[in-house]
Every structure is written in structure tokens, then in C-alpha cells.
1. Rounded to the nearest 0.05, what FRET efficiency do Gln498 and Asp354 give with R0 = 22 Å and r taken as the Cβ-Cβ distance? Could you check?
2. What is the sum of charges, Lys and Arg at +1 and Asp and Glu at -1, for the other residues whose Cβ falls under 9 Å from the Cβ of Lys266?
3. Spin-label point model (7 Å from Cα, Cβ direction): what's the Gln37 to Thr534 distance in nm?
4. Using the Kirkwood formula on the Cα atoms of region 89-238, what hydrodynamic radius do you get, in angstrom to one decimal?
5. Per-residue HN-Hα couplings for region 524-535, Karplus 6.51 cos²θ - 1.76 cosθ + 1.60 at θ = phi - 60°, whole Hz, x for Gly and Pro?
6. Between Asn594 and Glu569, take the C-beta separation as r, use R0 = 41 Å, and let me know the FRET efficiency to the nearest 0.05.
7. In square angstrom, rounded to the nearest 10, how much accessible surface does Leu402 have for a 1.4 Å probe?
8. Which distance in nm do the two modelled labels at Phe22 and Glu286 give, with both placed 7 Å along the Cα-to-Cβ direction?
Amino acid sequence: MKSFFTLIFLLFVLLIQAQTSFSDDFESYTNGAYVAQSNAKWSTWSKMPGTGEDAKISNEQAKSGQQSLKIISASSSGGTTDLLLPFGAAYKSGSFTYKMNMFVPTDKNAYFNFQATTTPGQTWAMDAYFFESGNMVFAKSSAVLISTRYPTNKWFELEVEINLNYKLWKIKLDGVCVGSFYNNVSIASIDFYPTDGASLYYVDDVSFEHKTTASALAFDGGISEFVWHKGKLTGTKDVPEIVLRNYGDSILRSYDLEVNFNGTTKTLSKTGLNITKGQSTKVLLEEIELGNGANTFNVNLAKINGTTSDGEPCNNSTSFALNAVTAAPNRTVLVEEGTGPWCQWCPRGAVFMDRFDSYYKGKFIPIAVHNGTTNPMKIAEYDAFMDFPGFPNCKVNRDVVLDPSSSEVPFLNEISIAPKAKITPGAKYNSGSRELKVSAVVEFLKDVDGEFFTTLVLTEDGVKGTTAAYNQSNAYAGGSNGVMGGYELLANPVPAAQMKYDHVARAVSGLESEAANSFAGSYKKGDKVVLNYTFNIATTWKIDSMHIVPILLESSGSYVNAATSTYSEAIAAGFISGNQEVTLPATSVSIYPNPADDQINIELSLETPSDVEVSIMQVSGQELSKRTFSSISGEQILPINLMLLNDGVYLVKVKTNQGIRLEKVVVK
């Protein structure tokens, strides 16, 4: 009898050891309570339950019962909620299932990620984005794993089912498989984080289960990912690829794929393969040009090894949606990255800044703002001004704060916004004194009233050093934390001799609004304002590798627009000093009445004394008359006689020491 009970006890212990599970329907909490403060099974990114990182229980929405978990942004830049549900270990084998119900209101978005290690922030296993448009994207290191649709403004069940032995991750919506992918990482926790001001969603009926066993896949092939190599602006062309992987134990020798792009289907077949378990092959598709809006790819693995069935049907069909955005003319997006050689995860920032810079050349403006007490690339003033909450980190248009690897989404949101003004940089350089003079000409693209200022940054590519201060700490060495643009093949730290740093901020002027870099008034479309800057170029800087980045901001610090040009481009554009013929704002020169009869009035508002020339010209530019007024200052009205002119349209040009104003006047 004792032996029988001992056997029963051992079987019970083995059963307990073989399975770990958790569930929470949020009904046992007080409405408004912090979940991690109330339940030790939950935590936060920084282990600070009961603070802004924690999330509150809400009775506003519920799938079951009366309550759910509310994830909402505290500001336009996202955060501060950073809620973590640890799974008890970093599971590498067996099977793991995570389920929850989600509700994303209309015009709101959601985001969460899975962490691969028990210490958050080391390795992201997967990112999940739920956009306002209804697009749902699962990604890893910017590679799109699944892209499909989800129902907005209604509850839906999300299930992630993982066969860790075969590295197969399946995604289900309301019980229906929407795709799968290969993911060779462990899973340790889920992190709920609102990414921007539009982030709001509810979570209910959360559960997870880990088993030490997993189903065997004797014969199975599947589509594991879709690779688009370029940006997502309208008109972008690429030859995308899909990855076909052998998940099963048997060798994969042939395939038949049906690929549908925006309604047109083509079949791709190949024989003579020898793909063993866990291995894959890339299948190149035809060149595709993105149209504005949704672009949908549906891929079906019709046959492998001549048969239509295999061990896991979920990974045989998948869809990918790319939402292409049309960039507004003259619009740019500023991305300032917090980084430093001391930061072991900062190679990730460097890789993605370079990647997005290449995707969106001239529209995505990267600036690497260095940090660190011994970092020779640090500009203390700039670093303190940006006040990054962690590293690597970045701010998009001085607003959205997030990891550099996630900066493409806010870039695409921002690039379609028509700007109030554009900026044109110009320069001249004295190689003897190493003095660089820079002009930033702001041209308004619409009628605007406001107060503005400009900041000017010089950046340098290919920065190298010889001391240990240039050694780059590298958490990706050896590949245990995944592939990261080649850093997985380098040592930790990467020796200075092997490093080069791009987009490095070398000099900055005008971080705050001051008299020298600010201006205010009522500006008409076409009005221009010029600002000048002077920099001394250090002997260690390579001026031919530098970029000039003028940034236009409102007096509040809100981003308006920016520009970037290489040193050679700025020199070719030429330096424009503040007293050259730059268009004056309407607040300085007003011409009326218009239409006119026999006289117009030139109303001036001049801060400093200036000679004033008033010219009447044909529309062709031929000068008909000119009057000069000496040493005019303050508020003045100059009458100009038009009695000798025939009826018609003429140009009136007013020139002062500060610039010109040119307007059409109708004489009748």
C-alpha cells in the first residue's frame, strides 16, 4: 500500500513539474487598483509596482465579468505604463500557449512585446503592433513576420501557440490561425507598453501555460517570414522574398507556392531541393511597386514534396499587408538617437538608424546624440537637453520617445503631414581659419502667424578613434541575442579599430529660442527668413563627411520641419547673409491698396535704419521706375505715384538692408 501511494505521489509531482499555468480575469481586484501592486504575479519593467509603470483595473470595458486591464498612454510620446507579466522562467523547450482578449477602440492603437530573457530589455522575442487602421503586425528586428487585419472597437481573442522544440510560433485570432513563423528564441514575459498619444486598449482573461512536451512534426513545411528590403513610401519598388522553412523531421525536396499580390495570382515551383529540419530557403518574388494605401500579399504553400498535406496546416497560408504612405512635399522627420560606446545594446540603435536613413534618404534625418562620462563624441549641452530616459532611445520630431528599432512607424505617420515651411541650408568655408558659415533660409509654404526659432546641428559620418573610449560595448557578440547587422560576428567590446560611428552630432547651436535664432510675425506663402550661424571646425573632424541639419521649431519647442544637406551640397547652394535679398515678412512691408488707382502706399516697419528702394516693374521684370529713400527707420508710410501707368498688372519691389518684398499690384 505504501509503495502504491508513493507511486501516486511521484506521478503527481511529475505532473506538477511538467506544466506551469496562470490565469487572471481581473474580477478579484478593486476598480482603479494597480494590478502589479495588487498581485505579485504581475510586475513592471523597472520593478516599480504602484507607480506610473503599473496599469490600473477598469470597469469601462470587459469581455467576461465586469472588469479588465486598461493600458493607456500618459502623454503624446507614450508611456509611462510599462507593465510586465513574467512567465516564471525563460522557456526554451516544450510548448507554450499565451491567450488574452483585447479591445482596441476606434482611432486608438495597441502594442506589446514578448521578452526572451527573465531580465527585460535584453532580447525582444517579438513585437506586436495593432494600428488605428485595423492592421496588425508581428515583427522581430523590423522583419515582418505576420501582417494582417484585426477587428477594431470590439473584443477579440488573441492566442500565441509556440512549439519551442521546433521553433514554430502560431498566431490565432478568435480561434482561427492567421499565420505562423520561425523564431529561435526563448520566451520569458510579456510587456504592455503604450507607444504614443493614441495608445489605448483593454485586456481581459489573460492566461498562459507551459508544458515540457510538444507535438512532433514528422513532415511539415511552412512560410516563416516575408522580407521587404526597402521603405514603405508610395512608389517604392522592391523584389521581396518569402522564407520557406522545413519544420519537420523529413527532408523537403520540392514546393509549389501560390502568390497573390493585390488580386493577381502567380505560381512559383521548384524541385531538386535538400532542405533538412530547421533549415530554410529564400524565394524571390517579382519586382513590385507599392501603391498608396494597403498592399496585400497572400501566400499559399500548395504542395511540398508533391503532396497537399503536412503536419501543420496553419503555416501553409499567410498574408502580409504593407501600408504605403505618400510623403508630403518638402516634409522631413527628425530622429535624434541617444547612444554611446558604453551602452551594450546601442549597436541596435546604430543598425536601425543606418537602415532607415538608407530607406528614406533625405526624409529620415538621423542625429546620434552621444552620452557617457568618458565619451569623446559627447556634446554635454545636447545630451542634457535631450534627456533620454534610457539607451538606446530616440525622439521622433522632439515628441515620440521609443527604441530606434521602432522609429519607422512614427516616421511614416509624420512624413505625410504637409509642413508650414521648408528650410534650405547653404554654407561657405574658410579652410585657413577652419571657419564654417551656415545660412538657413526658411520659406513659408502657407500663410502662418507665429513665433519660431531654428536650431542648427552639424553631424559627421565615419567617425573613428584610436583610444579605448571608442570601443563599442556589444551585447550581440556571439549571436546569443540574435542577429544585429553584423555585430553578432564582432567581439565585446568591438575594438576602436573596427568601429566607425555615423550621424554623430559634432556641434549644435540654438537649442533654445534666443534673439539671434528666433523670429515672429504674420507670414504669407513664399515669405522667407534667413538665419546665420558660425562654427569652428575642429582639426579632427572630416568636413567632407559632415551634414548640415537646420531644424525649425515653434517657440514652444514643437517641431515644424527640418532639412539635411551634405557639406558639398551646402557649399554649392551658397551662403546667404542676413542682409542679402531675402523676402521680408508682411509685417515688415505692406503694400496697399490693391487694386490701386493713381497711388499705392508702402507701409514699413524697420527695426534698424535702412535705405529703401521702391521699383515698379513689368511682370516680365523690366524696370519702369525706381525711387530711393535714405535712412528710413521705424514705422513709415511712403506714397508712390502711379498716374503714368496704364491699366494692368505690375510688380512692386521694395528693397531694404534686411531683404526684399515683391508683390503684384493691379492698376485700374
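The values are calculated or read from the model by the stated rules, or taken from the named source; none is laboratory data. All values derive from a computational prediction rather than experimental measurement. Ideal geometry is used to build each Cβ from the backbone, glycine not excepted, and the neighbour counts take in all protein chains shown. The accessibility values were calculated without ligands, DNA or RNA, using every heavy atom of the protein model including side chains. Shrake-Rupley method; radii C 1.70, N 1.55, O 1.52, S 1.80 Å.
1. Numbers: r = 16 Å, r/R0 = 0.72.
After rounding, the FRET efficiency stands at 0.90.
2. Details: positive: none; negative: Glu258, Glu286.
Net charge around Lys266: -2.
3. Modelled inter-label distance: 5.6 nm.
4. Numbers: mean 1/r = 0.0616 Å⁻¹.
That comes to 16.2 Å for region 89-238.
5. Residue by residue, region 524-535 yields 9, 4, x, 5, 10, 10, 10, 10, 10, 9, 10, 10 Hz.
6. Numbers: r = 38 Å, r/R0 = 0.93.
Calculated value: 0.60.
7. 30
8. In this crude spin-label approximation the distance works out to 4.9 nm.
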